[in-house]
Each structure stands twice: as C-alpha cells, then as structure tokens.
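Student: Attaching a single structure in structure tokens format; questions to follow.
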Amino acid sequence: MLKAFIVDDEAPARAELRYLLEQFPDVTVIGEAASGEEAIESIPGAEPDAVFLDIHLHDRDGVDVGQELYESMGKPPVIIFASAYEIHAVRAFETDAVDYIVKPFSEHRLEKTINRVRRLRRQSEAAQAHAPHLEERLNTLLQSVLAHQQPRRIPVEKSGKIMLIDPNDIVFATLDGRYATIYTEADQYATSFTLQELESRLSPHQFFRTHRAYIVNLSKTAELVPWFKGAVHLVMQDARRTEVPVSRNVVKELKKWLGF
C-alpha cells in the first residue's frame, strides 16, 4: 500500500482529500495533522510515502514545514503541496520529486499525482541508490521554491528617480488612474504597473487583494473596522492610518487569513 499523510488546518479540506485518496485501492491515509507543528511531530514516526501539505497553514508556512521534514528525516517522503492559490514558483519547479495540486481538488489531477508517486516508489524499490538521489532532488527543489518566494525588489518612481523598494516595506497599494501607487509607512511612490501586474510580483503569503482597487500587506494591518452591510475596512499602519475598503465578497476569506 502507498501510505499517505494529510496536513491541512481546515477539517473539511482534510476530509475531502482523504475521501478522494481512499478511492485508490492501493492508497491508505495513515494520518492527518491540523498544523505545521503537529505535522513536524507526527510525520517522522509515521513514515508515510507521500505527504499532502497545504502551503497556507495557520501557524507555519507549508514550504518551511516541507524543508524541516526533509532535514529531520533520513528517508523523507514525496511532498505534494496543496493550496487554494496558484503559486507560479511552485508550478514552475514541478518535478517527479514534488508535485502541486490546487483546491478544490480535481480527481483527474489527483490521479496524475498518485501515478507520479507510484512511479517514484517503483524506482526507489528497484534501486537502493535511487533514494539518496531522490532526497537530493527534493532538497534542490525545496531550495528553489524558497528562493523564488523571497521578495523581489519593486521598481518605483519618486521625484523623477527610479528606486527599488523592498516589498516588506509596502503598507498598501491602490489604483491611481491606470497604474498602481504604492504607500509605505511614511511615503508614496508611483509605479508603471497595473494593480494586477503588481499583485503578481507580491507574495500571496503576505499580500491580499481586498478590493478591485486595493492590495494590502496583512502584516501591516492595525485594525479591522465593521462597515456598512457586512463590509469592513482595514486600518493600515501608515502615518495617516489609512482606512482601506474590503469588498463584501472577500470578507470571509480575509477573516480566515487573519485567524478568526
């Protein structure tokens, strides 16, 4: 049997994935974890063949958890990242060692993933020398993913000069005509990006599209203020304590990100 372990902080998502995995006659789910810390504690002893690991856990970044599992286990499992968001860095580095599936889970896509894990398992059993090779590939891929998730500098314009700012310094960005304007804690900068283009350059772990005209840095949010008819505003940590609107259709998702 192919032993699978599920890591996701949402019980319905774990139940859905367990159900889909158990439709494969040679797959058995040997355990679940609802947090990154629980995964770190449980997986080494369980010794699964494959771990389905959600990237957006409430307590840990899933890629960090995957890296720690690799470093702590003599024979690490194949890791399949899962998320509700398309993360192009992960997709660009898909190999036979690591896969990536998007929520809601597709039976067809999951079958492709299981076939990939089966193939890796057969290769491992056929040659003992393959295991270190697989570990090396896993480590290389995880390092690549981590490198591609590091913030890139964002080119901005101020007083006729082009400057590069750290995305971590961004408090929020808003649409100003056709292009985005970036606000830091004490200043503002023009850009040559549309808001959609800017969003594609920012980490989905940190930045959230609250409205068609706003992107916010969730780590620089001070308050959430109830507004009219179920809408809310975010009070940001810039000098002006700017209130950013949140569209009603994303309020539930935002609250989940903020942990309530």
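Student: Using a Förster distance of 51 angstrom, determine the FRET efficiency expected from the C-beta separation of D64 and F228, and round it to 0.05.
Tutor: Values: r = 39 Å, r/R0 = 0.77.
Between D64 and F228 the formula returns 0.85.
Student: Probe radius 1.4 Å, ligands and nucleic acids left out: which of M1, M73, M163, M236 has the largest accessible area, and how do the rest follow? Display every interim value, and only then the final one.
Tutor: Values: M1 120, M73 25, M163 70, M236 0 Å².
Most to least solvent-accessible, the answer reads M1, M163, M73, M236.
Student: Based on the inverse mean of 1/r over its pairs of different Cα atoms, what is the Kirkwood hydrodynamic radius of the range 165-260, in Å? Present the calculation step by step, with values, prior to reporting the outcome.
Tutor: Numbers: mean 1/r = 0.0750 Å⁻¹.
Kirkwood radius, the range 165-260: 13.3 Å.
Student: Within straight cross-link reach of K3, meaning Cα distance under 24 Å, which lysines are found once same-chain residues fewer than 8 apart are removed?
Tutor: The reachable lysines, counting only those whose Cα sits under 24 Å from K3, are K75, K103, K112.
Student: Can you give the three extents of the C-alpha atoms in the range 8-76 along their principal axes, from longest to shortest, in whole Å?
Tutor: Cα extents, longest axis first: 31, 27, 15 Å.
Student: To continue, here is another question. For the range 215-260, report the translational diffusion coefficient in µm²/s to the nearest whole number, using Stokes-Einstein at 20 °C, 1.002 mPa s, and a Kirkwood Rh over Cα pairs. Could the numbers behind the result be given before it?
Tutor: Values: Rh = 10.7 Å.
Calculated translational D: 199 µm²/s.
The values are calculated or read from the model by the stated rules, or taken from the named source; none is laboratory data. None of these values were measured; they are calculated from a predicted model. Ideal geometry is used to build each Cβ from the backbone, glycine not excepted, and the neighbour counts take in all protein chains shown. Heads up: the accessible areas ignore ligands, DNA and RNA and are worked out on the full protein's heavy atoms, side chains in. Shrake-Rupley method; radii C 1.70, N 1.55, O 1.52, S 1.80 Å.
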